[in-house]
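Take a look at the structure set out below.
The values are calculated or read from the model by the stated rules, or taken from the named source; none is laboratory data. Keep in mind that what you see is a predicted model, and the values were worked out from it rather than measured. Ideal geometry is used to build each Cβ from the backbone, glycine not excepted, and the neighbour counts take in all protein chains shown. Areas reflect the complete protein model, heavy atoms only, side chains present, ligands, DNA and RNA absent. Shrake-Rupley method; radii C 1.70, N 1.55, O 1.52, S 1.80 Å.
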Amino acid sequence: AFLEPQAQEKGIDFTVHWDARHRGVYANRDSFKQLALNLANNALTYTDPGGRVSLSLTEEDLPGWDSIYRLVVEDTGVGISEEFLEQIFEPFIREKNSTLSGVHGIGLGLTIAKGLVEKMGGTIGVKSTVGKGSTFTATLRFRTQSHRSVGPAVSSLRLLLVEDNEINREIAT
């Protein structure tokens, strides 16, 4: 909701899709929110009016309590040259075409995004084509609070109670 006015002002089709089933996740919420904002803001900044920006989160369950989360921000913006992709996350580095396009900034947004991902123990990558757009993917592993059943159902478990006091046996039953 925070970036919707910026998208509307530029006439950009901005969509958000969240496909995460677990409500409780052990993660730094502020860092994750800042990561999503940085990547989406970068995409909106470098996408021309009438373009498209999408932000999506998908979840892949792992055995046990963990899940893999993929935050993907895709745009139809100016794109990034293959040579510049190698240094895209370095501080204060901006590609020549960003200056020519009239976009101003100091070149720290993606450096901050990479730092946030690394702080959360994840990875970030980018694919891009000049003039067609870019796709940034952050992959993070978080522990979840709700656990999928991996053992027998509770109703099929049996318990043996050894108690010599009759009243205690009745209470336990």
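Below is a table of values for the structure above.
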read-out	value
Solvent-accessible surface (1.4 angstrom probe) belonging to E4, in square angstrom, nearest 10	90
Within straight-line cross-link reach of K33, lysines at Cα separation under 17 Å, skipping those fewer than 8 residues along the same chain	K114, K119
Where chymotrypsin sites (Phe, Trp or Tyr not before Pro) fall in DSSP loop in the stretch 16-100, at most 11 other Cβ within 10 Å	F92
Length gained when the stretch F92-N28 is fully extended (0.36 nm per residue, less Cα-Cα span)	20.4 nm
Projected label distance in nm at V72 and A20, using a 7 Å step from Cα toward the beta-carbon	1.7
Trypsin sites (Lys or Arg not before Pro) restricted to DSSP loop in the stretch 1-69 with at most 11 other C-beta within 10 Å	R21, R23
Interchain or long-range residues, amide H under 5 Å from V130's placed H	I80
Tensor-based shape of the stretch 1-46 (alpha-carbon gyration tensor, a/c under 1.5 rounded, otherwise prolate or oblate)	prolate
Per principal axis, descending, Cα span of the stretch 35-96 in whole Å	47, 28, 19
Anisotropy class of the stretch 1-80 from Cα gyration tensor, a/c 1.5 cut	prolate
Accessible area, probe 1.4 Å, largest first, for residues I171, I112	I171, I112
